[in-house]
Every structure is written in C-alpha cells, then in structure tokens.
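Colleague: Below is the structure I would like to discuss, written out as structure tokens.
The values are calculated or read from the model by the stated rules, or taken from the named source; none is laboratory data. Just so you know, these numbers come straight off a predicted model, no measurement behind them. Cβ coordinates were reconstructed from backbone atoms using ideal geometry, including for glycine residues, and neighbour counts include every protein chain displayed.
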Amino acid sequence: MKFLIKITLSASIAIPLEKRTSSFYPCDIGKNTYRIDLTVTISPYPPIPGNNVNFFIYEASYENVFNGSLTTSVSQPAYYTINTIDGDFLNKFNKTITVGPLPDKLEGGLVLKVTMDNLELSSTIACVSHTFA
C-alpha cells in the first residue's frame, strides 16, 4: 500500500502548477478609459488538436454592458476561428463560449483571445489573451 501512495504523490508533484491552469493576460485596447476586467479559463487545458475549446468567461465587477459583443478567437499561422455573442451583459456575468474544432495539428503560436466591445460606443472595453508557444 505504501508503494501505491508514493507513486500517486510523485505523479501529482511532477505536473507543474502552471501547467494545470491557464493564465490570460490583458492585451492592449488603446487609450480607452472605460475598461472592464475579465477572468477566463479554458477546457480542455491545454487545447487538444481536432477538438473544441470551451471558454469560461466571468466578469467580477458590477458593470453592466448594454448592446455589447463578446468575442472569442483562436488563431495560429494559417488558422483562425471566432465565435461571438451579442447582447446585454449584466453585472457579474458568467458566459461559456465554444470555439472549434481546432486544426488536427497545433503548431506553435496558438493564441486564444477574448474581447468585449461596447457597440454603442464603438470601442473595445476588455481584452485578454493566452499564447501557447
């Protein structure tokens, strides 16, 4: 029994923490003074070639965005796909958007990105991205 426990602990410790979760970082939206913060995770992580990617998007403040557009995109050289939801996004919204399927081969530079636009102001108010080398 001790041998089995040691193997389980070793396997758990061998997977670095940064490989277990995805980190999305803010991207430039210009000089826009109105900005909201988005928290994004994906599943599966890392993305699997030929499969869809689910984006789980959470906005933690009490901001309301009326007439907005929430866009997820996946890109790499010679591949680009997006999915957009338009509508009103009320305080502390929680959305899931599926994009894919991904190409059968994921070759370097895969970029996952989420942007939010305020259509009435014609401006981007949120942007986060994650790049796989």
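Colleague: Among the residues of segment 4-28, count how many are modelled with pLDDT of 80 or more and over 10 Å from VAL128 (Cβ atoms). Please lay out each step first, then the result.
Modeller: Here is the first cut: in segment 4-28, the ones modelled with pLDDT of 80 or more are 23-28.
Next cut, over 10 Å from VAL128 (Cβ atoms) only: 28.
Matching residues across segment 4-28 total 1.
Colleague: Here's something else I'd like to know. Hey, does segment 103-125 have a residue that's modelled with pLDDT under 95, among the hydrophobic types (A, V, I, L, M, F, W, C), touching a strand residue (DSSP E or B) at 6+ places or on another chain (Cβ under 6 Å) and not in a strand (DSSP E or B)?
Modeller: yes
Colleague: Now for a separate question. With the condition kept exactly as written, say whether any residue in segment 80-88 is assigned to a loop (DSSP other than H, G, I, E, B) and modelled with pLDDT of 90 or more. First the steps, then the outcome.
Modeller: Our first condition is that a residue be assigned to a loop (DSSP other than H, G, I, E, B); within segment 80-88, this holds for none.
No, that holds for no residue.
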